[in-house]
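Notes follow once the structure below has been shown.
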Amino acid sequence: MNINSNYLKLENNYLFSTITKKVEDYKSKYPKKEIINLGIGDVTQPLPTAVINALHKAVSEMSSKHTFRGYGPEHGYNFLKTAIRTYYEKRGVFLEENEIFISEGANSDLGNILDIFSNDNTVLIPDPVYPVYMDTNIMAGRKIIFMCATEENNFLPMPDKNIKADIIFICSPNNPTGAVYNKDELKEWVDYALSCNAVIIFDGAYEAYIQDRKLPRSIYEIEDAKKCAIEICSLSKNAGFTGTRCGYTIVPNELRFEGVHLNMLWLRRQTTKFNGVAYIIQRAAEAAFTEEGQAEISKFINYYMDNAKIICNTLQNMNIWFTGGENSPYIWLKCPKGMTSWEFFDFLLERANTVGSPGSGFGKNGEGFFRLTSFGDRKNVEIAMKKISSILI
């Protein structure tokens, strides 16, 4: 028996595990200190009423012989797929039900989708990057090329025709930087992928936070994207499903490589390795796409985006450079006073009792930068910003 030695090439400590350990050590020294966490992107507002009502109804159905559900379709119930289709149609994107696959969340599918691709493929990943893109490809032993996202390009790298890639990861709005591609920029990526015979894995987990209607919320708003892109989305941050777990992946029927439909491969993978999302969770997700659910979700998103405004205004008043916050729940700031990412982390923890995410944990180009999230409670965000202002001004 041989282990997969690629796992030994991973960083010993996952970024957020290291953050948790540092915070726990600080709390053990100063147990009376109240720590405000603006680091890990977990939501703080409860599930919408429409979602809760749907959950209760679905749970009651499971108590009756006539409405009880056992195993469901691995790729998801049609009632939820129909709701998602309608959601996309409002933005002029038309999907077939068999192109939509229901999952337990975007994070899982971002890694699992790689099962249908050869390990010989070369992967193009932005730096800084959400760790799952890199780590899952390291686990598989694929060659990785990094595209540089920097302050100079506003953390929105564009295609380099001198680089040949087979799999391209794009996240917009981006995690961790909060930067968002416009339609012309995404069109360049689509054209590049088609010219390379490459596939784009498009992470749209934060699409609902885009406030500017001119910006694309789906890569399928771009001409010919269905010929080269897989879109992976989540209900975690828009509908509060971080603890409930539900997302979906779109694999267009037009997507073909080596004469094979990728939709067919993903269906085969899911029906073999996945038993599907629980019926009661899918009913809850369906409710999130209703008119009532969307109205409540809009209020939640506005709440978090108002938090982002508080953070952004504070940084502007201190003349600290940042991106994100306008169309994203993430704010990516340049560490003040020449501090490294971890130095700034320790500085905020010790002096302001506030936790963020060091940019270096997202890649080489993240050094000297720092991520704050707007998912906190309003009162805590206000307190944290006042403390940060007091120690930096």
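The values are calculated or read from the model by the stated rules, or taken from the named source; none is laboratory data. In this text the structure is predicted, and so the values were computed from the model without any measurement. All Cβ positions, even for glycine, are placed from backbone atoms using ideal geometry, and neighbour counts span all protein chains on display. All accessible areas refer to the heavy atoms of the entire protein, side chains included, with ligands and DNA or RNA removed. Shrake-Rupley method; radii C 1.70, N 1.55, O 1.52, S 1.80 Å.
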Checklist entry - Hey, what number do you get for the chain at 222 nm if only DSSP H runs of n ≥ 4 count, each worth -39500 (n - 2.57), divided across all residues, to the nearest 500? => result -12000 deg cm²/dmol
Checklist outcome for this item: For LYS81, the lysines lying under 29 Å Cα to Cα, once residues fewer than eight places off in the same chain are dropped, come out as LYS57, LYS65, LYS90, LYS183, LYS187, LYS214, LYS226, LYS227, LYS237, LYS273, LYS299
Checklist outcome for this item: To the nearest Å², the heavy-atom accessible area per residue of the chain with 1.4 Å probe amounts to 46
Item to check | Cα gyration tensor of the chain - equivalent ellipsoid semi-axes, whole Å, descending | outcome: 33, 27, 21
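Quote the charge dipole size of segment 268-372 about the Cα centre in Debye, to the nearest 20; the model charges only the Cβ of Lys and Arg (+1) and of Asp and Glu (-1).
On the way: 11 positive and 10 negative charges, 94 e Å.
The calculation lands at about 460 debye.
Determine the gain in length on full extension of the stretch VAL59-ASP25; use 0.36 nm per residue of separation and subtract their C-alpha separation, reporting nm with one decimal. Present the calculation step by step, with values, prior to reporting the outcome.
Values: separation 34, 0.36 × 34 = 12.24 nm, distance 4.09 nm.
The VAL59-ASP25 span can extend by a further 8.2 nm.
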Item to check | Debye intensity ratio in log₁₀ form over the Cα atoms of segment 277-393, taken at each q of 0.09, 0.13, 0.14, 0.21 Å⁻¹ | outcome: -0.31, -0.57, -0.64, -1.09
Next on the checklist: Can you tell me the length gained on complete extension of the stretch GLU382 to GLU291, counting 0.36 nm per residue apart and subtracting the Cα distance?
Outcome noted: 29.6 nm
Checklist entry - Taking the Cβ-Cβ separation of LYS90 and LYS183 as r and a Förster radius of 25 Å, what is the calculated FRET efficiency to the nearest 0.05? => result 0.90
Next on the checklist: Which residue, LEU95, ASN317, ASN119, has the largest displacement toward the positive end of the dipole of the chain when charges sit on each Cβ (Lys, Arg +1; Asp, Glu -1)?
Outcome noted: ASN317
Next on the checklist: For a distance above 21 Å, tell me the whole-number percent of Cα pairs in segment 48-136 that qualify.
Outcome noted: 56
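Around ASP203, under 13 Å between beta carbons, what's the net of Lys plus Arg minus Asp minus Glu among the other residues?
Working: positive: ARG217, LYS237; negative: ASP109, GLU207, GLU231.
Neighbourhood net charge equals -1.
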Next on the checklist: Apply the a/c threshold of 1.5 to the C-alpha gyration tensor of segment 217-315 and tell me whether it is rounded, prolate or oblate.
Outcome noted: oblate
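Just how large is the dipole of segment 172-245 about the Cα centre, in debye to the nearest 20, putting +1 at every Lys and Arg Cβ and -1 at every Asp and Glu Cβ? List each step's numbers first, then the result.
Values: 9 positive and 11 negative charges, 64 e Å.
That gives segment 172-245 a dipole magnitude of about 300 debye.
Rounded, prolate or oblate: which fits segment 1-153 when a ≥ b ≥ c are the square roots of the eigenvalues of the alpha-carbon gyration tensor, with rounded for a/c under 1.5 and prolate only if a/b beats b/c? Mind showing how you got there, number by number?
Working: a/c = 1.80, a/b = 1.25, b/c = 1.43.
Because a/c hits 1.5 or more and a/b fails to exceed b/c, segment 1-153 counts as oblate.
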Next on the checklist: Given Cα positions, please report Rg to Rh for segment 253-298, the hydrodynamic radius being the Kirkwood one.
Outcome noted: 1.21
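How big is the charge dipole of segment 1-133 about its Cα centre, in debye rounded to the nearest 20, if each Lys and Arg gets +1 on its Cβ and each Asp and Glu gets -1 on its Cβ?
Charge dipole, segment 1-133, about its Cα centre: 700 debye, nearest 20.
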Checklist outcome for this item: Binned at 5 Å starting from 0, the alpha-carbon pair-distance distribution of segment 133-250 in whole percents comes out as 2, 11, 20, 23, 22, 14, 6, 2, 0
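Grab the beta carbon distance between ASP306 and PHE79, set R0 = 56 Å, and tell me the FRET efficiency rounded to 0.05. Please report the intermediate quantities before stating the final value.
Details: r = 33 Å, r/R0 = 0.59.
E between ASP306 and PHE79, to the nearest 0.05, is 0.95.
Given a 1.4 Å probe and every protein chain left where it sits, what share in percent of the accessible area of segment 80-155 is carbon and sulfur? Please list the in-between numbers first.
Details: 1380 of 2860 Å².
Of the solvent-accessible surface of segment 80-155, carbon and sulfur hold 48 percent.
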Checklist outcome for this item: Cross-link reach from LYS32 to aspartates and glutamates, straight Cα distance under 19 Å and at least 8 residues apart if same chain, gives GLU24, ASP346, GLU350
Next on the checklist: Could you tell me the center-to-center distance, by alpha carbons, between segment 56-133 and segment 262-310 in angstrom?
Outcome noted: 8
